[in-house]
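Working notes, beginning with the structure itself.
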Amino acid sequence: MQKNHYLSGSEQRVYGTIAHARLISTGEVVDMFPGLGKDMVYKVLSSLQKKGRLYRIKQGMYLVQKRPSHEPVIEDPYEIALALYSGYIGFSSALRLYDLMEYEPFTVFVVTPHTSRTREIGDYTFRAVAMGELAVGMTSHRGLYVSSLEKTFFDCFYKPQHAGGYGTVTKALYDKGGMDWNRFLDYFQRFASHSLCQRTGYVLDRMQRELDFEVPERVVSFFLRNRGDRTKLIPTAPSRGSYSGKWNILDNTGSLLGWYHGY
């Protein structure tokens, strides 16, 4: 038997006021309707949730459904991600917001200082990644808190597994055609280990040699000066691949620039 989704007078009043929003908090509704009282607001919101007009994404925060549904109808996953976690959109999600990825990832990454957590809502996975003191460098882009372009690429070199791998990162950088290299280097000077400098420098050096991609000499020189002991491009992958004596690194990706060379 089909459930009754008719709204009471109070429910119609509240829903009619908030229907334009994508997300709404209990506190906002309380402020909108001081005459209802907190207990009545809680009761109305609970009823609207049961009738599919709202979808609770966390305590005190609701997704406003434009049509009745007990499954979440997600129009802006990035807005939901920032409602779930306090931080900024990063990694592959930031690349997408900068139009540097061709497809829409169904995992949305939020960089936070201390929270690491995963939440699934509908078809999306919302993942918070704790970066400690590295959780800096955000800007406002399309009305959202997103890592700046230079910080996005730093984060992607720092944790390429959250960016779709080195192939995705190098293609995004190639398509962008560069960035503010001074700002980019500043993050490495402040935060990077020798091995991170080594891996990043090797990747940029190969892009410069094989793709005719312009990287300032001072950038390559900085990474060369700061390279460390022998390492692998992907530390957790098997030790198979080509070795670079210049960078003291084993390229075990198998297809670092495969998107360009057609393999």
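Considering the stretch 141-251, the qualifying strands (runs of 3 or more DSSP E), each wholly inside and each with 1 or more residues that are among the β-branched types (Val, Ile, Thr), more than 27 Å from Arg127 (Cβ to Cβ) and modelled with pLDDT of 95 or more, run over 249-251.
How many residues does the stretch 133-180 hold that are aliphatic (A, V, I, L, M) and within 22 Å of Glu104 (Cβ to Cβ)? Full working, then the answer.
Of the stretch 133-180, the ones aliphatic (A, V, I, L, M) are 134-136, 138, 144, 146, 149, 163, 169, 172-173, 179.
Okay, now just the ones that are also within 22 Å of Glu104 (Cβ to Cβ), so 138, 144, 146, 149, 163, 169, 172-173.
Residues in the stretch 133-180 being aliphatic (A, V, I, L, M) and within 22 Å of Glu104 (Cβ to Cβ): 8 in total.
Do we have Leu7 as in contact (Cβ under 8 Å) with a residue 40 or more places away in the chain, part of a loop (DSSP other than H, G, I, E, B), within 16 Å of Tyr62 (Cβ to Cβ) and in contact with a Leu (Cβ under 8 Å, 6 or more places away or on another chain) here? Taking the combined requirement at face value, the residue satisfies it. Among the candidates Asp212, Asp251, the residue that is surrounded by 12 or more Cβ atoms within 10 Å (Cβ to Cβ), without any contact (Cβ under 8 Å) to a residue 60 or more places away in the chain and either over 28 Å from Ala135 (Cβ atoms) or aliphatic (A, V, I, L, M) (or both) is uniquely Asp251. Return a yes/no flag: does the stretch 160-183 have any residue that is among the charged types (D, E, K, R), touching a strand residue (DSSP E or B) at 6+ places or on another chain (Cβ under 7 Å) and in contact (Cβ under 8 Å) with a residue 40 or more places away in the chain. Looking for residues that are among the charged types (D, E, K, R), touching a strand residue (DSSP E or B) at 6+ places or on another chain (Cβ under 7 Å) and in contact (Cβ under 8 Å) with a residue 40 or more places away in the chain, one finds none in the stretch 160-183, hence no. Might you let me know whether the stretch 45-68 holds any residue that is under 24 Å from Arg142 (Cα atoms), aromatic (Phe, Trp, Tyr) and without any contact (Cβ under 8 Å) to a residue 40 or more places away in the chain? Yes, the stretch 45-68 has at least one match. The residue that is nearest to Gly201 (Cα to Cα), counting only those in the stretch 137-150 that are without any contact (Cβ under 8 Å) to a residue 40 or more places away in the chain and buried (at least 16 other Cβ atoms within 10 Å of the Cβ), is Glu150.
The values are calculated or read from the model by the stated rules, or taken from the named source; none is laboratory data. Not measured: the values here are computed from a predicted model. Cβ: placed from backbone, ideal geometry, glycine included. Neighbour counts: every protein chain shown.
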